[in-house]
Amino acid sequence: MVAIYGRDYTRLELEKRAGSLSQFAGVEAYTLSDGVGRGIRCLEFRTGTGFMFKVLVDRAMDVAHAYYRGAPIGWHSPTGFRHPGLHEQNDEGGLSWLRSLSGLIVTCGLDHTLFMNSDPAGHYVYGPRKTVDSSLHGRIGMIPAQLTGYGKEWRGDECYLWCEGIVVQATVFGEDMHLMRRIEARVGESGFTLRDRVVNHGFYRTPHMFLYHINVGHPVLSDKSLFRAPVKETIWAAHADSIREQGVGYFRQSDPRHDFHEQVFEHAIAADSDGKVPVALVNPDFNQGQGLGLMVEFNKAEFPYMFQWQNYQEGLYAMAIEPSSNHVFGKPFARERGELRWLEHGEEHTYSTRFTVLENRDQIQLAEERIEGICAQSRDDYPAITGNWDS
């Protein structure tokens, strides 16, 4: 059944009430025509609940905009959604990735994530290439996809909106990796599922690192918002030596601050009996107490690690949930600990992640109860930093 407008409809009942499902829900393709985004192909999903989101086909099929009944869920930075042809891959000492950082989801990888790195390139068997030089969070997020399909699919009386594409990150004498992405949203629900399959299409043994930079903005983020996650302990903080200095902890969030310096935590996380990790940013006071939030559910076997990014500078106000294949210190640390993933030809890793809007206080409460049932989360805004990398 399709649950919209306060009742359940069969497929036949909906088809009797309009000439096309697009009156209620659907996927529509268009192209941006102005500014830094000119030429980017987009897909707009509407699920019939007041939830809509936009997929940027030419930016790795990442989700840029997301709204629930007019309220934004994702974050828009000052950079806009830049066409990949404008992206500056290795400028500014590898920090030029920040000139394209915007949107609800920015995918990081495929052979590198986290801070800049120069890695030995011997595995690519090409003498002139001594190193693989990677900028912040890698290349994949600014590569256009080959769109292989999109539309709607009825499964009995349930209808699913979907899109699929392939993003290729490749070079001669280097990596040749394919990201196969499918995004699926059920009509009548305020959420979507992101399914990724990363395959080594080439014949060199290649490292694989993967991370989602999931950026949430106001009004889900406010000084009334809480970060809810099954946190066992906090392993690391970028500001551990001055954790109280800015007056912003990890649990209760903050309003924008002047000259705020970003804060990053790495939390050790627990999973439920199915191996799933639910994490949420919730604002129970949104719209006079009606409440609004976003929950992200990922699989711990796929993403063993998670970071929390707090960017509360005025005009850059965002918090990110970052499930990751590796610890925060990136490739050198992973290599040292024997944790770096390698893919031979044809080998792959798969990822399935669920994004759900928490539409009201009742849904927020259910999400919080589920999280607490997995692991009692500390309410201490300034937790002890354990340094326990094996947690």
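Taken together, the values in this text are just the output of simple stated rules run on the coordinates, not laboratory data. From a predicted model like this one, the values you see are computed outputs, not experimental measurements. Cβ atoms come from the backbone with ideal geometry, glycine included; neighbour counts cover every protein chain shown.
Backbone geometry of the range 325-330 corresponds, through the Karplus equation with coefficients 6.51, -1.76 and 1.60 at θ = phi - 60°, to 3J(HN,Hα) couplings of 7, 9, 4, 5, 7, x Hz, x marking Gly and Pro.
Calculated FRET efficiency, residue 92 and residue 316, Cβ-Cβ r, R0 22 Å, to nearest 0.05?
That gives a FRET efficiency of 0.85.
Just how far, in whole angstrom, is the range 210-232 from the range 62-128 if you go by their alpha carbon centroids? The two parts, judged by their Cα centres, are 19 Å apart. Ordering 278, 55, 386 by Cα displacement along the dipole of the chain toward the positive end leaves 55 in first place; charges were set at the Cβ atoms of Lys, Arg (+1) and Asp, Glu (-1). Counting only DSSP beta bridges with both residues in the chain, tell me the antiparallel percent, nearest 5. Among the beta bridges of the chain, antiparallel pairing accounts for roughly 95 percent.
From its DSSP helices (H runs of at least four residues, each -39,500 (n - 2.57)), the chain gives a residue-normalised ellipticity at 222 nm of -2000 deg cm²/dmol.
Can you give the alpha-carbon Rg of the range 1-153 over 2.2 N^0.38 Å, where N counts its residues?
Working: Rg = 20.0 Å, N = 153, 2.2 N^0.38 = 14.9 Å.
The range 1-153 yields a ratio of 1.34.
Look at the dipole of the range 2-374 built from charges on Cβ: of 225, 160, 239, the Cα furthest out on the positive end belongs to 160.
Across 35, 94, 109, mean-square fluctuation computed from a Gaussian network of the chain (C-alpha pairs under 10 Å connected) peaks at 35. Comparing 328, 199, 132 in a Gaussian network model of the chain (Cα springs below 10 Å), the most mobile by mean-square fluctuation is 132.
Under a Gaussian network description of the chain, with springs only between Cα atoms under 10 Å, the residue in 226, 56, 21 that fluctuates furthest is 21. With all pairs of separate Cα atoms included, the chain yields a Kirkwood hydrodynamic radius of 21.7 Å. A Cα-only calculation for the range 120-160 places Rg and Dmax at 20.4, 59 Å. With the cut-off at 31 Å, tell me which of the pairs 300/331; 54/276; 152/224; 16/54 have Cα atoms farther apart than that. The answer is 152/224.
Placing unit charges on the Cβ atoms only, positive for Lys and Arg and negative for Asp and Glu, gives the range 27-86 a dipole magnitude near 60 debye about its Cα centre. For the range 130-177 versus the range 245-293, the spacing of their alpha-carbon centroids is 29 Å. Note: relative contact order over the range 58-102, using C-alpha pairs below 8 Å and six or more positions apart, is 35 percent.
Relative contact order for the chain using alpha-carbon pairs under 8 Å, separation at least 6, rounded to a whole percent?
Across the chain, relative contact order equals 16 percent.
Across the range 200-214, rounded Karplus estimates of 3J(HN,Hα) from the backbone phi angles (6.51 cos²θ - 1.76 cosθ + 1.60, θ = phi - 60°) give 7, 7, x, 10, 9, 5, 10, x, 10, 10, 8, 7, 9, 9, 9 Hz, Gly and Pro being marked x.
A simple charge model with +1 on the Cβ of Lys and Arg, -1 on the Cβ of Asp and Glu and nothing else charged puts the dipole of the range 307-370 at about 160 debye relative to its Cα centre.
Normalised by residue number, the volume inside the convex hull of the Cα atoms of the range 185-290 is 202 Å³ per residue. Excluding residues fewer than 8 places away in the same chain, name every one of the aspartates and glutamates whose C-alpha is closer than 12 Å to that of residue 130. In chain and number order, the partners are 119.
To the nearest 20 debye, what charge dipole does the chain have about its Cα centre, counting +1 at the Cβ of each Lys and Arg and -1 at the Cβ of each Asp and Glu?
Details: 39 positive and 51 negative charges, 152 e Å.
Dipole of the chain, to the nearest 20 debye: 740 debye.
Near residue 114, the amide H atoms lying under 5 Å from its own belong to 137; only residues 5 or more places off or on other chains count, and H is placed 1.01 Å from N. Residue by residue, the range 381-390 carries 3J(HN,Hα) couplings of 5, 10, x, 5, 8, 8, x, 8, 6, 9 Hz when phi is fed to the Karplus relation 6.51 cos²θ - 1.76 cosθ + 1.60 (θ = phi - 60°); x denotes Gly or Pro.
Kindly list the residues of the range 161-187 that lie in the label zone of residue 148, defined by a backbone N under 18 Å from the point 7 Å along the Cα-to-C-beta vector. Hits in the range 161-187 for residue 148 at 18 Å: 161-170, 176-185. For residue 144, neighbours were defined as the other residues whose beta-carbon sits under 10 Å from its Cβ, and their charges (Lys and Arg +1, Asp and Glu -1) total +1.
Loop-only check: which GluC sites (Glu not before Pro) in the range 241-270 are DSSP coil with at most 10 other Cβ within 10 angstrom?
245
Free of any chymotrypsin sites (Phe, Trp or Tyr not before Pro) that DSSP assigns to a loop and that have at most 14 other C-beta atoms within 10 Å, the longest stretch within the chain is 204-391.
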